[in-house]
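To keep things clear, I will list the structure first and then write my remarks on it.
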Amino acid sequence: MFEQVFKNIDDILHKDAGCGSELDYVEQTSWVLFLKYLDDLERDKATAAELTAKTYTPIIAPEYQWAVWAAPKLENGNIDHNALTGDDLADFVNIHLFPYLKKFKSSADSADTIEYKIGEIFSELKNRIQSGYNLREVINRIDELRFRTHAEKHEMSHLYEDKIKNMGNAGRNGGEYYTPRPLIKTIVKVVAPEIGHKIYDGAVGSAGFLCEAFEYLKHPSTSSGQAPSTRSGQAQTGTGQRRELTTKEYEILQKSTFYGKEKKSLAYIIGTMNMILHGVEAPNIVHTNTLAENLADIQEKDRYDIVLANPPFGGKERAEVQQNFPIKTGETASLFLQHFIKILKAGGKGGVVIKNTFLSNTDNASISLRKLLLEKCNLHTVLDLPGGTFTGAGVKTVVLFFDKGSATQDVWFYQLNLDRNLGKTNALNEQDLADFVELQKTKAESENSWTINVKHIDQTTFDLSAKNPNKKEEAALRQPQEILAEMKALDVESAAVLNALMGLL
């Protein structure tokens, strides 16, 4: 049902003069979807309060509630045909609703409340649906959706991820919003966060890393054997059986586990929405330029246990931003990597996607950054990914896994060699990465994996190029008929040359 509703909404927005691309479709669907989700959330809280004989005070004032302005119902459950539409609806949304919702940012008690997030979202967004009649159709479609059960919320969160993926494939820098989910899940598995860790993504985008870390902590694998105090739940007992989250664990995941920063408005909105739809009510995502923060100002209280990130590739930062970093470079990803190393606690763990040229670039900044990483952190694993992992990005990438606090001794490399070319219709999947996950546990050597000792790399360039010494070069074996045919063709060619020479004598 949800999937068909989303398709219908895209068809409606395609006709609207204010929406020109998949990015606009996602943005405009997001704010209407959020208000319907908020209405269902308020209903659930009101019901829970009633069952415990408590009084629930709604977040949204009566005249701005979904059931009043968006979807007033007749007795038969259908939307009242007198509901606002056309210019009346567009004027209400633009002149009254959005200004009202923006005010929540200044009136909220603190930044970690859903009230504050409502204010932030509607301070950043504006209604681009120009036709009030199109807006009425979108509202009617979204009103068909329910977010009351766990299954409904789960389906919605996955479909929203699909919309983000489509946006990433749509161009206009959309690719920066989407990291393939199988890759994110694999990175989270290897880094293995635990309840109580503070998890950070300073280039949060659509918040894929934080959402998958939340799912990992909420639904740990029954085979991991974690003790109940370390993981979630359905966290699990030492026998591998799942258990429910305690109230305290749930509160920790909701309020003091996931943190992010995002520079761009649309990515900030989508990341916040994505986390809310996954079940984190008031995400700790801040709309700011992470790189504008001077590294010298980062104190112990600002640090995190886990960094999970895919910083933007190829961007260029202004000279004044570069002054915030000891290693001066215009390459955005290199500045982010310095930031991540600095902001990790001692003993903290990182999983960061970066262009594979980082391993071998010969400019002074790249050499200095590799030296810094190897000296300040234990770069224990490098996952070398094939081209096409990022749809439409046109770059090859690696994932750096490192622990802060001790220098690197050995680096284990794994080169992902697939028997197919990756692309939009043939994307990376979790099974592709299963061998890597298994071998990484023991850093085993194989045809696709090997270990190098840091003492054996060039101590002036710190080149870490992923050159697989174990991969066998397969000789192309030809059929005997093919070889004989080629010999016959060569004989004919030789005879023709000899005849031509004879003619010259």
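The values are calculated or read from the model by the stated rules, or taken from the named source; none is laboratory data. Predicted model, so just to flag it, every value in this text is computed and none were measured. Don't worry about glycine lacking a Cβ; one is built from the backbone with ideal geometry, like all the others, and counts go over all protein chains shown.
Below, the figures for the structure above:
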{"quantity": "All strands (runs of 3 or more DSSP E) inside region 229-348 with 2 or more residues being at pLDDT 95 or above and within 30 Å of H154 (Cβ to Cβ)", "calculated": "258-262, 304-309"}
{"quantity": "For W450: the one exception among (1) over 20 Å from A407 (Cα atoms); (2) at pLDDT 95 or above", "calculated": "(1)"}
{"quantity": "Filtered residues of region 55-90 (kept if over 37 Å from the mean Cα position of the chain (by Cα), under 25 Å from I118 (Cβ atoms) and loosely packed, with under 10 Cβ neighbours inside 10 Å)", "calculated": "T55"}
{"quantity": "Residue satisfying all of: in region 15-57; in a helix (DSSP H, G or I) and among the β-branched types (V, I, T); modelled with the lowest pLDDT among these", "calculated": "V26"}
{"quantity": "Residue match in region 316-333 (condition: closer than 25 Å to A207 by Cβ, in contact with an Asp or Glu (Cβ under 7 Å, 6 or more places away or on another chain) and not hydrophobic (A, V, I, L, M, F, W, C))", "calculated": "yes"}
{"quantity": "Selection count, region 51-103, where residues are closer than 20 Å to Y37 by Cα and in contact with a strand residue (DSSP E or B) (Cβ under 8 Å, 6 or more places away or on another chain)", "calculated": "5"}
{"quantity": "Near pairs, Cβ below 8 angstrom, 6+ apart or cross-chain, from region 366-385 (among the basic types (K, R)) to any residue that is part of a helix (DSSP H, G or I)", "calculated": "R370/F358; R370/L359; K376/I341"}
{"quantity": "Residue list for region 96-154, filter: assigned to a loop (DSSP other than H, G, I, E, B), modelled with pLDDT of 85 or more, of a type in the set (K, R) and more than 25 Å from the chain's Cα centre (by Cα)", "calculated": "K103, R128"}
{"quantity": "Residue match in region 265-277 (condition: surrounded by 19 or more Cβ atoms within 10 Å (Cβ to Cβ), of a type outside the set (A, V, I, L, M), closer than 24 Å to K105 by Cβ and touching a Gly at 6+ places or on another chain (Cβ under 7 Å))", "calculated": "yes"}
{"quantity": "Residue that is buried (at least 18 other Cβ atoms within 10 Å of the Cβ) and in contact (Cβ under 8 Å) with a residue 60 or more places away in the chain, where the choices are N324, N310", "calculated": "N310"}
{"quantity": "Qualifying residue in region 429-447 (condition: of a type in the set (K, R) and free of Cβ contacts under 8 Å to residues at least 24 places away in the same chain)", "calculated": "yes"}
